[in-house]
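Report on the following structure.
Computed from the coordinates by the stated procedures, all read-outs in this text should not be read as laboratory data. What you see is a predicted model; the values in this text were computed from it and never measured. Here Cβ is always computed from backbone atoms with ideal geometry, including for glycine, and neighbour counts include all displayed protein chains.
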Ligand SMILES: [Zn+2]
């Protein structure tokens, strides 16, 4: 069958995906060996090298020499039992179709083959349908626009060039949307999912207003005391920065802003 993870693009499945084998095993056409190529663009998340055949091994040792690629869209692919001597390193950028290794029997293997897994977040899914298909992007709920303020909740943002992936920032502003590349998008639960290397997210630096000595109950007076514009329009702007999107000047909303101000926690730009 056609198969985009082998250089010659043909494979024979030797073991299917089951509950006890959350992967597919394959060899090349006519039971030959082949170079293994990356399913999609990504960054090497895990690379393990230097092992020979270890029948009966368990855990990650059972993979032998293997590579796990983070495709930065919530999906990962894993290629196991590779030939010793991988010429790649962790965090290295990988292109779709790039040779990443050669079929072998390192780890817990009974014959040379590729053991191929697809991970969605922390769970292995059936890779069969992706042998000739891009990984899905169903999670995309909404694409960000320039100027959107995003909160990044435990998801990594790729930085420029070969730098290590890192939790760059927790809050920032989308400053650039690039044509023809993947741009940042929202995952379920409001998480930001993926940020292209070329999309810059800059940390939004807020300053804070404070009027800790104010004893009254008027946001207008409290702002006036510290020489800050207290007009409705400006209060509406302050409200938005402080997470009130539907500011109408109600007593509750004004009290909320006033309390932030008294605590020195009223954000402004
Ligand atoms: Zn397998």
query: Which FRET efficiency, nearest 0.05, do residue 87 and residue 243 yield, Cβ-Cβ r, R0 41 Å?
result: 0.25
- request: Specify whether the C-alpha gyration tensor of the range 207-268 places it in the rounded, prolate or oblate class, a ≥ b ≥ c being the square roots of the eigenvalues: rounded for a/c under 1.5, otherwise prolate if a/b is larger than b/c and oblate if not.
  value: rounded
- request: Multiply the residue gap between residue 208 and residue 95 by 0.36 nm, knock off their C-alpha separation, and tell me the result in nm, one decimal place.
  value: 36.3 nm
message: Can you order the peptides 77-89, 2-14 by their average number of other Cβ atoms within 10 Å per residue, highest first?
response: 77-89, 2-14
query: Using the Cα gyration tensor of the range 11-130, with a ≥ b ≥ c the square roots of its eigenvalues, what is the shape: rounded (a/c below 1.5), prolate (a/b larger than b/c) or oblate (neither)?
result: rounded
query: Separation between the residue 262 and residue 227 pseudo-spin-labels, each 7 Å from Cα along Cα→Cβ, expressed in nm?
result: 2.5
Estimated FRET transfer efficiency (residue 255, residue 145; beta-carbon r; R0 45 Å; 0.05): 0.90
- line: A chain fully extended from residue 31 to residue 9 at 0.36 nm per residue, minus the present Cα-Cα distance, gains in nm 6.6 nm
